[in-house]
1. Would you point out which residue out of ALA78, ALA48, ALA68, ALA64 is surrounded by 13 or more Cβ atoms within 10 Å (Cβ to Cβ) and touching a Lys or Arg at 6+ places or on another chain (Cβ under 9 Å)?
2. Taking ASN88 as meeting all but one of (1) in contact with a Ser or Thr (Cβ under 7 Å, 6 or more places away or on another chain); (2) within 14 Å of the ligand (Cβ to nearest atom), write down the number of the exception.
3. Name every residue in the stretch 81-99 that is open to solvent by less than 60 Å² (accessible area, probe 1.4 Å), in contact (Cβ under 8 Å) with a residue 24 or more places away in the chain and out of contact with any Asp or Glu (no Cβ under 7 Å at 6 or more places or on another chain), in order of residue number.
4. Please specify each residue of the stretch 101-121 satisfying the condition of being away from the ligand (no atom under 16 Å from the Cβ), open to solvent by less than 20 Å² (accessible area, probe 1.4 Å) and of a type outside the set (Gly, Ala, Ser).
Amino acid sequence: MRAAALFVLSSLAYATWACTPALPGATVNKVQNLDSKSYALAYRTQPATIAVGGHFAVEFALCAKDGAATPESVRVDAHMPEHRHGMNYKTTVTGNGGGKYRAEGLMFHMPGRWEYIFEVRASGTNGATERMTTSVVLQ
Ligand SMILES: [Cu+2]
């Protein structure tokens, strides 16, 4: 009986529960939601419609699910999986300290399927990373 109760408590300690990333003004421009074991992310691009060869930014919000370590840093990248190449530019990510971020300097230089990669590094001693990906097809 006592052993069973302890087991329940320890599994709760490792469980993670959903959180809602706060991306204000979401009605203006369609927001996409992504999810990993420890994090939830919502993003939108600026401008809303991406043009081939046009620079754009990605605005996103991130939150740690209950029980997960808070994010320490986030990297944003994109590549074309079928063509095995990335972008010609490196992105820079800035955060406001409140879970909202902006990635600048993205540019898709050709039409086709591009995959975004959001890589979150957890704070704390282990510094584990988790990746969230999603793809878009550029005409
Ligand atoms: Cu390509």
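The values are calculated or read from the model by the stated rules, or taken from the named source; none is laboratory data. Everything numeric in this text was worked out from a predicted model, so none of it was measured. As a convention, Cβ positions derive from the backbone with ideal geometry for all residues, glycine included, and neighbour counts pool all protein chains shown. Accessible surface areas use protein heavy atoms only, side chains included; no ligands, DNA or RNA. Shrake-Rupley method; radii C 1.70, N 1.55, O 1.52, S 1.80 Å.
1. Working: ALA78 fails: touching a Lys or Arg at 6+ places or on another chain (Cβ under 9 Å); ALA48 fails: surrounded by 13 or more Cβ atoms within 10 Å (Cβ to Cβ); ALA64 fails: touching a Lys or Arg at 6+ places or on another chain (Cβ under 9 Å).
Selected residue: ALA68, the only one of ALA78, ALA48, ALA68, ALA64 that is surrounded by 13 or more Cβ atoms within 10 Å (Cβ to Cβ) and touching a Lys or Arg at 6+ places or on another chain (Cβ under 9 Å).
2. It fails just one condition, (1).
3. Passing the criteria: only GLY99.
4. Within the stretch 101-121, the first condition is being away from the ligand (no atom under 16 Å from the Cβ), and the residues that meet it are 101-105, 118-121.
With open to solvent by less than 20 Å² (accessible area, probe 1.4 Å) added as a condition, the list becomes 103, 118, 120.
Once the filter is applied, which keeps residues that are away from the ligand (no atom under 16 Å from the Cβ), open to solvent by less than 20 Å² (accessible area, probe 1.4 Å) and of a type outside the set (Gly, Ala, Ser), the stretch 101-121 yields PHE118, VAL120.
Residue-wise test of (1) more than 16 Å from ASN33 (Cα to Cα); (2) touching a Gly at 6+ places or on another chain (Cβ under 9 Å).
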site: ALA78; (1), (2): yes, yes
site: GLU82; (1), (2): yes, yes
site: ASN88; (1), (2): yes, no
site: LYS100; (1), (2): no, no
site: GLY112; (1), (2): yes, no
site: VAL137; (1), (2): yes, yes
